[in-house]
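A quick write-up on the structure given underneath.
The values are calculated or read from the model by the stated rules, or taken from the named source; none is laboratory data. Predicted, not measured: the structure shown is a model, and the values here were computed from it. FYI the Cβ positions are ideal-geometry reconstructions off the backbone, even for glycines, and counts take in every protein chain you see.
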Amino acid sequence: MEFLLMGGLLVFVFSSFLNRPLLPSDEIIERKYCTEIGRFDLLFYEKEVSGIYALLPKKSLGAVHGTLDGKVLTGRWIDADGGGDIIITFNEDYTWFTTDYRNDEDPGKWYRDQWHGALRETDETSFEKDGEKYQCE
């Protein structure tokens with residue numbers, strides 16, 4: 001069993017959920033990813049998704065919340081750079097994603113395909129996949 005602190009709530013999930021297929025259900029499913037800038041942990045509950053991420057270059061944390069429609073998460077983000085809209089597109093088995101986002105301070109400018117994540121399958125602090133380096137911690 002694992003524990004995760006999100007928004008002042010202590011949430012627990014069974015680690016067996018980590019490697020099972022992500023399907024709409026009434027269960028909470030946790031997925032841990034690594035990105036170019038740090039760790040990104042998501043909780044999936046039916047079509048609702050919430051998560052936290054590390055901005056290692058700025059030594060701060062961020063959060064994301066949204067809804068899932070098929071393989072596409074549409075929602076909001078907030079971190080040391082401000083806040084804004086985010087679209088996360090997952091591959092078929094949710095082991096990899098790409099992200100488009102924009103900042104509320106410049107809503108006309110989207111950053112397309114700028115942030116990527118790969119499922120963290122081990123406790124390694126970083127790894128390479130398809131020529132990209134992913135940083136976890």
**OP:** Output the residue which, of all residues in the range 86-128 that are farther than 13 Å from Glu36 by Cβ and among the polar types (S, T, N, Q), is surrounded by the fewest Cβ atoms within 10 Å (Cβ to Cβ).
**Re:** Thr122
Original post:
Does Leu43 qualify as being more than 13 Å from Tyr33 (Cα to Cα) and either under 16 Å from the mean Cα position of the chain (by Cα) or touching a residue at least 60 places away in the same chain (Cβ under 8 Å) (or both)?
Top reply: no
**OP:** Examine the range 110-128 for a residue that is among the aromatic types (Phe, Trp, Tyr) and within 20 Å of Glu48 (Cα to Cα), and state whether such a residue exists.
**Re:** no
Subject >> Failed item in (1) more than 11 Å from the chain's Cα centre (by Cα); (2) within 23 Å of Glu132 (Cα to Cα); (3) not aliphatic (A, V, I, L, M), with Trp96 passing the rest >> reply: (1)
**OP:** State yes or no: is Leu119 in contact with a Gly (Cβ under 7 Å, 6 or more places away or on another chain), within 16 Å of Leu43 (Cα to Cα), touching a residue at least 24 places away in the same chain (Cβ under 8 Å) and among the aliphatic types (A, V, I, L, M)?
**Re:** no
**OP:** Quick one: Gly83 ticks every box in (1) surrounded by 12 or more Cβ atoms within 10 Å (Cβ to Cβ); (2) out of contact with any Leu (no Cβ under 6 Å at 6 or more places or on another chain); (3) not in a strand (DSSP E or B) except a single one, so which number is it?
**Re:** (3)
Subject >> Of all residues in the range 21-36 being buried (at least 18 other Cβ atoms within 10 Å of the Cβ) and β-branched (Val, Ile, Thr), the one that is modelled with the highest pLDDT >> reply: Ile29
**OP:** Working carefully through the options Glu48, Glu36, Glu27, find the one that is over 17 Å from Tyr94 (Cβ atoms) and over 10 Å from the mean Cα position of the chain (by Cα).
**Re:** Glu36
Original post:
Which one is farthest from Phe97 (Cα to Cα), of the residues in the range 48-80 that are at pLDDT 95 or above and among the basic types (Lys, Arg)?
Top reply: Arg76
**OP:** Identify all residues within the range 62-80 that are surrounded by 15 or more Cβ atoms within 10 Å (Cβ to Cβ) and touching a residue at least 24 places away in the same chain (Cβ under 8 Å); write none if there are none.
**Re:** Ala63, Val64, Leu68, Leu73, Gly75, Trp77, Asp79
